[in-house]
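Here is the structure we will look at.
The values are calculated or read from the model by the stated rules, or taken from the named source; none is laboratory data. Everything quoted here is computed from the prediction, not taken from an experiment. So basically every Cβ, Gly included, is an ideal-geometry build from the backbone, and we count neighbours across all protein chains shown. Ligands, DNA and RNA are excluded from the accessible area calculation, which covers all protein heavy atoms including side chains. Shrake-Rupley method; radii C 1.70, N 1.55, O 1.52, S 1.80 Å.
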Amino acid sequence: MSDNGFFDRFGGKYVAEVLRRPLDELEVAFKKAMADPVFLDEFRTIQRDYIGRETPLYFAPTATRILGGAKIYIKLEGLANTGAHKINNAIGQCLLAKYMGKKRIIAETGAGQHGLATAAACAKLGLDCTVYMGEVDVRRQQPNVASMEMYGAKVHAVTSGSRTLKDAVNEAMRDWAANPDTTHYVLGSALGPAPFPDIVREFQSVIGREVEAQCAERGIKPTALIACCGGGSNSIGFFAPFIDKKEPRLIAVEAGGIGPGVGENASRMTGNASREGIMQGYKSRFLLDEDGQALPTRSISAGLDYCGIGPQLAALGMSGRVEFTSALDSEALDALKFFARNEGILFAMESSHAGAEAIKLAPKLSKDDVIIVNMSGRGDKDVFITSPVFRRKEWLEFLHAEIDRLESDKDVHE
Ligand SMILES: *Cc1c(COP(=O)(O)O)cnc(C)c1O
């Protein structure tokens, strides 16, 4: 837990006065729910029957043999319903909203993965759902917009500022400030003003707790845990039970994009433009210019493409407990192919960054060592990103043929 909302000097609650009350009420309700056996019992049942927990811990024999060093295990978090870890937090917070008597949910989304998980959770729990999404992202991420609408959510295109994730967050905050009594804001990663970093870590720590139990069951002592790191929810949840111990090594992998230049990556801890600052309600490390303005970021994986990082990870990075590194777009693509071909497991583009670090680290360790990689999501969602890279010509032909087919098809269902 944070110390009154702070992790060392990071975190806090830097918000307008109108948001103080809803944040304070949320903190009280969260503490009450986590001590309420009725709440916890319902939560566990939904985790088991709806999300599909526990997710497997898979030994990767071929990858281990080829890399010739540490044994590699993969936590198959991508097998969770809706395809990634984000559903753990979405279900937890939506259940908490119900516990508080709130029937309306709002959420922000960038690429659409958090919006999709929240929309699904609301459908499952019978809650009204509005997702704020930058207009630019709405246009780029139509498959996810379609899924959110299928789950019954309203997708609200945000037209202010750069019309991307940052603006969607501002718009969601504004909505929450105007409707605090009826509405809960489901924040999507382990960041934002307190108490969100504590809440999101707690709901994602089911990943780490399962891994701890699965290791104990099989007598495995991991040397290193590796996770990709956007806002930091899958990594902090995976690391949570191990943070106060000396072992294993905890390694977080940021998006290295196309290189180390400003605007070429999303390396908030290891990058050239990494600075301390306060944005969107919390103090952390961000990619900022000299005037403290957010810099553009770049990554092949939409989920890692953000200028800020959760405050607890920033603190753990500065103290050295969590080691930060990065993987280039090209390294992540190679890792995607490596695990698909050798293990029959398709990593999401985000998770492939963690896979890339495992490929680098395993050969440097001995056969007695164990690496566990968190596959935060599965890669089915990335076909629009990977196909243009791996099969550009065929993909273009396919898209043209699809357009021709749709335009000539008189029997298209309206
Ligand atoms: C959103 C996303 C991430 C990045 O978010 P974190 O909060 O850092 O976990 C990673 N992997 C997948 C599959 C995602 O959808």
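Some observations on this one:
- The Cα trace of region 181-270 gives Rg and Dmax of 15.5, 49 Å, the first to one decimal, the second as a whole number.
- Accessible carbon and sulfur surface of region 56-209 relative to its total accessible area, %, 1.4 Å: 53
- Structure-based [θ]222 nm, the chain - -39500 (n - 2.57) summed over DSSP H runs of at least 4, per residue, nearest 500: -13000 deg cm²/dmol
- Probing with 1.4 Å while keeping every protein chain in the model, the per residue accessible area of region 336-403 equals 49 Å².
- Comparing mean-square fluctuations of ASP36, ASP167, ASP305 from a GNM of the chain with C-alpha springs under 10 Å, the top value falls on ASP36.
- In the full protein context, region 1-109 carries 45 Å² of accessible surface per residue, based on a 1.4 Å probe and ignoring ligands, DNA and RNA.
- Lacking any other cysteine beta-carbon closer than 4.7 Å, the following Cys residues of the chain have no compatible partner: CYS94, CYS215, CYS228, CYS229, CYS307.
- Legend: residue pairs LYS13/LYS381; LYS75/LYS221; LYS31/LYS154; LYS75/LYS245; LYS154/LYS337, Cα-Cα distance threshold 25 Å; pairs beyond threshold, LYS13/LYS381; LYS31/LYS154; LYS154/LYS337.
- FRET E, pair ASN179, ARG391, Förster distance 51 Å, beta-carbon r, rounded to 0.05: 0.65
- Near LEU346: Cβ cut-off under 11 Å, other residues only, Lys/Arg at +1 and Asp/Glu at -1. The net charge is +1.
- Per-peptide average of other Cβ atoms within 10 Å, ordering 203-209, 171-177 highest first: 203-209, 171-177
- For the chain, complete DSSP H runs whose alpha carbons reach 15 Å or more along their own long axis and whose mean Kyte-Doolittle score is 0.0 or higher are 86-99, 113-125.
- Kirkwood analysis of region 295-414, using all unique Cα-Cα pairs, places the hydrodynamic radius at 17.1 Å.
- Gaussian network model of the chain, springs between alpha carbon atoms under 10 Å - residue of GLU210, GLU149, GLU397 with greatest fluctuation: GLU397
- Taking every C-alpha pair closer than 8 Å and separated by at least 6 residues, the mean separation divided by the residue count of the chain gives a relative contact order of 19 percent.
- Global geometry of region 88-137, whether rounded, prolate or oblate, following the gyration tensor of its Cα atoms and the 1.5 cut on a/c: prolate
- Pairs of C-alpha atoms in region 215-268 farther apart than 12 Å represent 69 percent of all such pairs.
- Checking every one of the trypsin sites (Lys or Arg not before Pro) in region 346-381 against DSSP loop status and a limit of 11 other Cβ atoms within 10 Å picks out LYS367.
- Simple spin-label estimate for ALA146 and ALA16 in nanometres, 7 Å along Cα-Cβ: 3.7
- Loop-located trypsin sites (Lys or Arg not before Pro) in region 244-295 (DSSP state other than H, G, I, E, B) with a sparse environment of at most 15 neighbouring Cβ atoms within 10 Å: LYS245, LYS246.
- Per-q log10 I(q)/I(0), the chain, q = 0.06, 0.08 Å⁻¹ (Debye; single scatterer per alpha-carbon; no solvent): -0.22, -0.40
- Sparsely packed loop sites in region 255-357 (the GluC sites (Glu not before Pro) outside DSSP H, G, I, E and B with at most 16 other Cβ atoms within 10 Å) comprise GLU290.
- Computed over protein heavy atoms with a 1.4 Å probe, the carbon and sulfur contribution to the accessible area of region 256-355 reaches 46%.
- Among ALA63, ALA354, ALA120, the residue with the largest mean-square fluctuation in a Gaussian network model of the chain, with springs joining Cα atoms closer than 10 Å, is ALA63.
- FRET efficiency for VAL28 and ASP289, using Cβ-Cβ distance with R0 set to 45 Å, rounded to 0.05: 0.70
- Positive dipole terminus of region 252-320, leading residue within GLY317, GLY277, GLY263 (C-beta point charges): GLY317
- Centroid-to-centroid separation of region 240-277 and region 156-232 [C-alpha atoms, Å]: 17
- For VAL155, the residues whose amide H sits under 5 Å from its own are VAL131, ignoring neighbours fewer than 5 places away on the same chain, with H placed 1.01 Å from N.
- Computed on the Cα atoms alone, the convex hull of region 1-110 gives a volume of 190 cubic angstrom per residue.
- Debye, to nearest 20: dipole size of the chain, +1 on Lys, Arg Cβ, -1 on Asp, Glu Cβ: 840
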